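What follows is one structure encoded as structure tokens, with my remarks underneath.
Please treat every number below as a calculation from the coordinates, not as lab data. Being a predicted model, the structure only gives us computed values, none of them experimental. Cβ coordinates were reconstructed from backbone atoms using ideal geometry, including for glycine residues, and neighbour counts include every protein chain displayed.
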Amino acid sequence: MSHVNLLGRSGSDDQYELSAAVDVAVDSGVPHGRLLLQFCDAAVGRRANLAEIRAAVRRELGDTAAIEAAANIANFQRMVRIADGCGIPLDDRTKEASEGWRDQLGLHQYASAANTA
């Protein structure tokens, strides 16, 4: 398990479990993390249960949070597609800093990993 301070540069001391991004059985430490991950998975994977999950997000977190979550999912997809299309490599600092958890999470095994040198 790899606990990481994702907001370290902003001064937060919160710790999050990154393996939750690839294993829904793991508690990320993010409030409502499982529900948000289900929403992300349903939206990105165009799953049949998307409307049901979206309704659960709206019910549990409210309309504003559902909109913000959907916007973040869409924005991340946009950034990933641009990076994949351009073959944008990681800068040395990011590559070095993220190597351990990229290996741990199996990110090199995703098809899109072939788009980055």
Output for segment 31-117: GluC sites (Glu not before Pro) sitting in coil per DSSP, at most 15 other Cβ within 10 Å, listed by number, reads none
Taking Cα atoms only, helix 92-105 is inclined relative to the longest principal axis of the chain by an angle, in degrees rounded to 10, of 60 degrees
In degrees rounded to 10, the 0-90 angle between helix 50-61 Cα long axis and the longest Cα principal axis of the chain is 80 degrees
Here the chain gives, from Cα atoms, an Rg and Dmax in Å of 15.4, 43
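Please give the calculated 222 nm ellipticity per residue for the chain, where each DSSP H segment of at least 4 residues contributes -39500 (n - 2.57) and the sum is spread over every residue; nearest 500 deg cm²/dmol? Don't skip to the answer; put the middle values down first.
Numbers: 4 runs with 62 residues, N = 117.
Computed mean residue ellipticity for the chain: -17500 deg cm²/dmol.
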Simple SL model, points at 7 angstrom along Cα→Cβ for Cys86 and Arg46; separation in nm is 2.6 nm
